Amino acid sequence: MEFKIIPKTNIIPSFNHNTTVVKNIECASYGEQYNEDEITPELIGKILNDVPKGIEVSLCLDPDGELCDICLEVVSDGEWLSLCYGSENTETYFSYNPEYANTVERLEEVDLGDENVYTPLDYDGQSPIPKCQAITDMDAGVKAVEYFIRTGELYPGIDWAYYS
């Protein structure tokens, strides 16, 4: 598989900041799941406020939160932020950190405990998240999360990567 990068752009399409296309939110940080009727501007504001502080949340376009539909997995510890976008029927896209481009080739051969390659983040007890797949610019990360909530699409203001 080949590691490919979608470079960020300075051109961000306009979107309605009052629209919500996410239909299901599962927030491990709050121990709650929210369906479409429970997704309020206050909840969205709380999630966006918590991204730079630390949060683990799944934002899904399917009302039932099914993984076969498009979801954005958001994991933050206040220093690192990992965004994983995809579904069973699409490529999986990761936030990409070009500062750690030199670690991409080492992912398959490195010890999962290597702090030069992996962040302290893990998602739902899975393998640690590579530094090349996590960003430290929390402002851009919050914008990416809001953009997904409002449009259901990848935020073009950060780099993304995927395997093909």
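The values are calculated or read from the model by the stated rules, or taken from the named source; none is laboratory data. All values derive from a computational prediction rather than experimental measurement. Neighbour counts are summed over all protein chains in view; Cβ atoms, including those assigned to glycine, are modelled from backbone coordinates with ideal geometry. What goes into the accessible areas is simple: the full protein's heavy atoms, side chains included, and nothing from ligands, DNA or RNA. Shrake-Rupley method; radii C 1.70, N 1.55, O 1.52, S 1.80 Å.
TYR162 meets the stated requirement of being among the hydroxyl-bearing types (Ser, Thr, Tyr), under 14 Å from the mean Cα position of the chain (by Cα), more than 16 Å from SER29 (Cα to Cα) and open to solvent by 10 Å² or more (accessible area, probe 1.4 Å).
The residues of the range 31-55 that are farther than 16 Å from GLU146 by Cβ and touching a residue at least 24 places away in the same chain (Cβ under 8 Å), listed by number, are GLN33, ASN35, GLU36, GLY54.
Selection of the range 124-154 for residues being open to solvent by less than 20 Å² (accessible area, probe 1.4 Å) and part of a loop (DSSP other than H, G, I, E, B) yields ALA134, GLY152.
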